[in-house]
Amino acid sequence: MNQPKETWGSRLGLVLAMAGNAVGLGNFLRFPIQAVQNGGGAFILPYLLSFILLGIPLLFVEWSTGRFGGVAGFNSPPYILQSIDKRKIWKYIGAVGIFSNIAIAAYYCYIESWTMSYVYHSFIGTFKGLSETQVSQFFDNYLDVRYSTTGIPFEAIVFYIFCLGLNVWILSRGLQKGIEKVAKICMPLLILFGIFLMIKAFTLKAGQDGAVYDGLVGFNFLWTPQFDSLANPKVWLAAAGQIFFTLSLGMGCIQCYASYLKKNDDLVVNSLTTGFTNEFCEIVIGSSVIIPISIGYFGIDKVIELASFGGFGLGFRSLPFLFSQWGDVMGLLAGVAFFGLLFFSGITSSLAMGSPIVAFLKDGFNWGRKKSSLAFGFIILLFGLPTVLFFSKGVFDQYDYWAGTVSLVVFAMLEIILFSWVLGVDKGWKLIHQGADMQLPRFFKFVLKYITPTLLILIFLSSLLKPKNDDWSQVSFKGWELDNASIIGELLHQGIGPNHTWFSDAFFAENDGKVDSIYTSNNRNYLRVTGKASKSYEYQSSHNITVALGDDIKTGDTLFKGNIINDVFYIDVSRLSLVFLLLFFAVMIKIGYSNIKKNNVNVFTTDDKQF
Amino acid sequence: MNTSALLIMLSAQLSVTAITVYFFYRMLKPKKKNA
C-alpha cells in the first residue's frame with residue numbers, strides 16, 4: 001500500500017459528494033410514486049420514522065466503519081470489514097459491497113445515459129410537435145437498440161458508452177479533482193433546476209399551456225392523507241424500503257467515501273447533513289415535480305394508472321410531451337432542467353458506485369487510479385451490455401432485483417450485526433463520536449443495538465416470504481401463498497407460466513383472450529392476445545404462427561412454432577452471471593488479502609487504539 | 001388544496017428544509033480552536 005493517501009479537499013466537497021451518492025433518480029421518480037400508492041400524505045409518518053430508526057443509524061454505522069477502515073489503511077468494503085473483526089468471513093461478506101455496486105452500476109449507467117440522451121433531445125427540440133403517443137413511442141424506439149432517432153446507428157449503445165467513458169474519466173482524476181469537483185458543480189445545479197421545476201409545477205394553471213387542472217390539484221392528491229392505510233403492513237414496508245434505497249445504504253459506497261476521512265474528522269454532523277440533503281431533494285423537490293405536472297395534464301385517474309407502471313414511464317414517456325406544451329423556450333428549459341437534474345443525480349451516484357472497485361484494486365493489488373478506473377469501465381461494459389441488448393428479456397430486472405434489492409438488505413443486516421453485536425455498540429458509540437461536532441442523544445445507542453437490526457431482519461424476512469399481492473392479511477401459522485416477487489417465489493420461477501424451459505420448439509400463450517392483432521412494429525413481429533388484459537408476443541419471421549385473427553386462446557395454447565429461446569433462459573443466465581461475479585470477487589479478495597499480508601503481517605490485528 | 005394536505009405538506013417540507021439548512025450551517029461553521 002505505497003500510493004499516497006487520498007483525502008477530501010474540503011468538508012463541503014465531502015458532504016456534497018456523499019449527498020450526490022444518496023440523491024439519485026429514485027428521489028424524483030420513485031418516491032412520489034411510492035407516496036401516491038401508499039397513503040398519500042399519511043406515508044410521511046412511516047417514512048420519517050424509518051428515517052430516524054433505520055436511515056440515520058445505518059448512516060452512522062457506514063460512515064464510522066468506513067472511517068475506521070480508512071485509518072487502518074483500507075478504502076474498500078472487504079478490507080474495511082476485515083479491519084473491524086479478524087474473523088476471515090468478514091472480508092468475503094465485504095465482497096457484496098463490491099459486487100452490488102458493479103451489478104447496479106451496469107444498469108444504472110444505462111439509465112443515466114437515457115437522461116443524457118433526453119437532455120440532448122430536449123435541447124434540439126426532438127419532442128416539439130409530437131403527440132403523446134409519439135413521445136411514448138420515441139422511448140420504445142430508443143430502447144430498441146437497432147433503432148436510431150438521430151441517425152447515429154445503435155444510438156442507445158453510443159450514449160451508454162459515452163456516459164460510461166465520462167464516469168471512467170472522472171474516477172481516474174481522483175477524489176479531489178474528479179469526484180469532489182463534479183459534486184460541487186452538479187449538486188447545486190441539481191437543486192437550482194429542481195427549484196425551477198417546482199415553481200413551474202406550483203404555478204401551473206388550468207386552461208394555460210394546455211393544462212386541464214391546476215398544479216395544486218396534484219399537490220393536493222399527493223399530500224392528502226389516507227390514515228387508514230397505516231394499518232397495512234405493506235405501507236410500512238414500502239416506507240422502510242424507500243428510506244433504505246434513497247440513502248444508498250447497504251452498498252458499500254458510503255464506507256468507501258468515509259474511508260478517506262481522517263481519524264478525528266467529524267462524522268455526526270457530516271452524515272446528518274448528507275441525510276437531510278437527500279431528504280430535501282426527495283420530500284421537497286421530488287414530491288413537487290412529476291406528480292403535480294402530470295396530474296395538471298392527465299388528471300388523477302390516468303396518472304394513477306401510469307404510476308402503476310413505475311416512475312420511468314411518467315418520466316420518459318409523458319413528461320417530454322407535457323414540457324413541449326409550454327412553448328419553444330420554456331419547453332426546452334423545462335426538458336433540459338428535468339433531464340439534466342436526473343443526469344446530475346445519476347452521475348454523482350454512479351461515481352460513488354465506481355469508487356469501491358477502484359479502492360479495492362488499490363488495496364489488494366496496488367493498482368493506480370487510472371488503471372482501476374479503466375477496469376471499472378470494462379467490467380461495467382461487460383455486464384451492462386446484456387441489460388442494453390436484452391432489456392425486454394428481463395436481464396435488467398434480474399440485476400435490479402438481486403443486486404439492487406436483495407443484496408443491499410443482506411449486506412446492511414450483516415453490517416449492523418458487525419457494528420452493534422460483534423464490535424459491540426459501546427465501542428461503536430465511541431467510534432461515531434470521535435472528533436464529533438455534536439453529541440447524539442443516547443436513544444440512538446438503544447436504536448443501534450436493538451431497533452435497527454430488528455427492522456432489517458423484518459425487512460429481509462418480509463421480502464423472503466412476501467404474501468401474494470402484498471396482502472398481509474393472508475399471513476397465518478397455517479401458511480400462505482407467496483407472491484411471485486418474493487425471494488423464494490423468484491428463486492422457484494413462480495408464475496413463470498407455460499414457457500418455463502430455456503429452449504422449446506413451441507411458444508405458448510400466457511393469457512386468455514382473443515387474437516385481435518398480428519402486426520409489425522420497428523421491424524419486429526407481434527401477435528396480440530386481448531382478454532381481461534392485453535399481451536403482445538414477439539415472434540421471429542422464421543417462426544410459424546399456429547393461430548389466426550379472431551381465435552379464442554387459453555393460457556397454454558400454442559401460438560407459434562420454431563426454434564424458440566424463452567425469457568427464462570435470459571433470466572437464468574443473468575442470475576448465473578451474477579453468482580459468477582460474486583464468486584470472482586471473492587477469489588480476488590482472497591488473492592488481495594494474501595498480497596496485503598505479504599507487505600504487512602500485522603495489518604489486520606484489531607486496533608483498540610482507535611477506541 | 002384541502003387543509004390536511006396543506007398542513008402535512010408544509011410541515012414536512014419546511015421542517016426538512018430548516019433542518020437541512022441548520023446542519024449545513026453547523027457543518028460550514030469554523031471549528032473553535034482549543035487554547
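Tallying residues that are assigned to a helix (DSSP H, G or I) and either among the charged types (D, E, K, R) or surrounded by fewer than 16 Cβ atoms within 10 Å (Cβ to Cβ) (or both) within region A:423-460 yields 12.
The set of residues in region A:300-329 that are in contact (Cβ under 8 Å) with a residue 12 or more places away in the chain, assigned to a helix (DSSP H, G or I) and among the hydrophobic types (A, V, I, L, M, F, W, C) comprises A:Ile300, A:Val303, A:Ile304, A:Leu306, A:Ala307, A:Phe312, A:Leu314, A:Phe316, A:Leu319, A:Phe321, A:Leu322, A:Phe323.
Considering region A:400-421, the residues that are touching a Lys or Arg at 6+ places or on another chain (Cβ under 8 Å) and either surrounded by fewer than 19 Cβ atoms within 10 Å (Cβ to Cβ) or modelled with pLDDT of 95 or more (or both) include one that is farthest from the other protein chains (Cβ to nearest Cβ), namely A:Trp421. Pairing each residue of region A:32-61 that is under 26 Å from A:Phe312 (Cβ atoms) with any residue that is aromatic (Phe, Trp, Tyr), provided the two are 6+ apart or on different chains, yields C-beta distances under 6 Å for A:Ala35/A:Phe43; A:Gly41/A:Trp223; A:Ala42/A:Phe227; A:Pro46/A:Trp236.
Which one of A:Gly13, A:Gly40, A:Gly55 is of a type in the set (Gly, Ala, Ser), within 14 Å of another protein chain (Cβ to nearest Cβ), over 25 Å from A:Phe585 (Cα atoms) and touching a strand residue (DSSP E or B) at 6+ places or on another chain (Cβ under 8 Å)?
Values: A:Gly13 fails: touching a strand residue (DSSP E or B) at 6+ places or on another chain (Cβ under 8 Å); A:Gly55 fails: touching a strand residue (DSSP E or B) at 6+ places or on another chain (Cβ under 8 Å).
One residue alone meets the criteria, A:Gly40.
Taking first residues from region A:253-272 that are within 14 Å of chain B (Cβ to nearest Cβ) and partners that are outside any helix (DSSP H, G or I) and among the hydroxyl-bearing types (Ser, Thr, Tyr), the Cβ contacts under 7 Å between residues at least 6 apart in sequence or on separate chains come to A:Lys262/A:Thr7.
Here are some residues: A:Ile553, A:Ile589. Which one is of a type in the set (A, V, I, L, M) and modelled with pLDDT of 95 or more? Let's see the steps before the verdict.
Working: A:Ile553 fails: modelled with pLDDT of 95 or more.
A:Ile589 is the lone residue from the list that is of a type in the set (A, V, I, L, M) and modelled with pLDDT of 95 or more.
Taken over region A:285-344, the residue count meeting the criterion of being within 25 Å of the chain's Cα centre (by Cα) and of a type in the set (Lys, Arg) is 1. Condition test on A:Lys234, is it within 30 Å of A:Ala359 (Cβ to Cβ) and either over 23 Å from the mean Cα position of the chain (by Cα) or charged (D, E, K, R) (or both)? For A:Lys234, the condition - within 30 Å of A:Ala359 (Cβ to Cβ) and either over 23 Å from the mean Cα position of the chain (by Cα) or charged (D, E, K, R) (or both) - is not met.
Within region A:63-93, the residues that satisfy the criterion of being closer than 22 Å to A:Leu175 by Cβ and touching a Gly at 6+ places or on another chain (Cβ under 8 Å) are A:Ser64, A:Asn75, A:Ser76, A:Pro77, A:Pro78, A:Tyr79, A:Ile80, A:Leu81, A:Ser83. In the condition set (1) modelled with pLDDT of 95 or more; (2) within 14 Å of chain B (Cβ to nearest Cβ), A:Gln226 is compliant with all but (1). Number of residues in region A:174-183 that are crowded, with 17+ Cβ neighbours inside 10 Å and of a type in the set (Lys, Arg): the value is 1.
Say we look at region A:184-239 and pick out the residues that are assigned to a helix (DSSP H, G or I) and among the β-branched types (Val, Ile, Thr); which of these is surrounded by the most Cβ atoms within 10 Å (Cβ to Cβ)? The extreme case among them is A:Val235. Give region A:199-218 a look and list any residue that's closer than 20 Å to A:Val284 by Cα and in contact (Cβ under 8 Å) with a residue 12 or more places away in the chain, or say none. Passing the criteria: A:Lys200, A:Ala201, A:Phe202, A:Thr203, A:Leu204, A:Asp214, A:Gly215, A:Leu216, A:Val217, A:Gly218. Quick check on A:Val603: is it at pLDDT 95 or above and either assigned to a loop (DSSP other than H, G, I, E, B) or surrounded by fewer than 14 Cβ atoms within 10 Å (Cβ to Cβ) (or both)? Here the answer is no, as A:Val603 does not meet what is asked.
Can you confirm whether region A:356-363 contains a residue that is more than 30 Å from A:Gly73 (Cβ to Cβ), away from chain B (no Cβ under 14 Å) and among the basic types (Lys, Arg)? So that I can check it myself, show each step before the final result.
As a first pass, look at region A:356-363 and keep what is more than 30 Å from A:Gly73 (Cβ to Cβ): none.
Checking region A:356-363: not a single residue is more than 30 Å from A:Gly73 (Cβ to Cβ), away from chain B (no Cβ under 14 Å) and among the basic types (Lys, Arg).
Assess whether A:Leu237 counts as being away from chain B (no Cβ under 13 Å) and modelled with pLDDT of 95 or more. So A:Leu237 does not fit the description; no.
The set of residues in region A:483-525 that are part of a strand (DSSP E or B) and aliphatic (A, V, I, L, M) comprises A:Ala506, A:Val515, A:Ile518. Filter region A:283-313 down to the residues that are in contact with a Ser or Thr (Cβ under 7 Å, 6 or more places away or on another chain) and either of a type in the set (Lys, Arg) or surrounded by fewer than 23 Cβ atoms within 10 Å (Cβ to Cβ) (or both) and list them by number. Within region A:283-313, A:Val284, A:Leu306 qualify. Cβ-Cβ distances below 6 Å connect the following pairs, each with a first residue in region A:486-501 that is over 20 Å from A:Asp471 (Cα atoms) and surrounded by 13 or more Cβ atoms within 10 Å (Cβ to Cβ), a second residue that is of a type in the set (S, T, N, Q) and at pLDDT 90 or above, and a separation of six or more residues or different chains: A:Asn499/A:Asn566.
The values are calculated or read from the model by the stated rules, or taken from the named source; none is laboratory data. This is a predicted model, so every value here is computed, not measured. Reconstructed Cβ throughout: ideal geometry from the backbone, glycine too, with neighbour counts over all protein chains shown.
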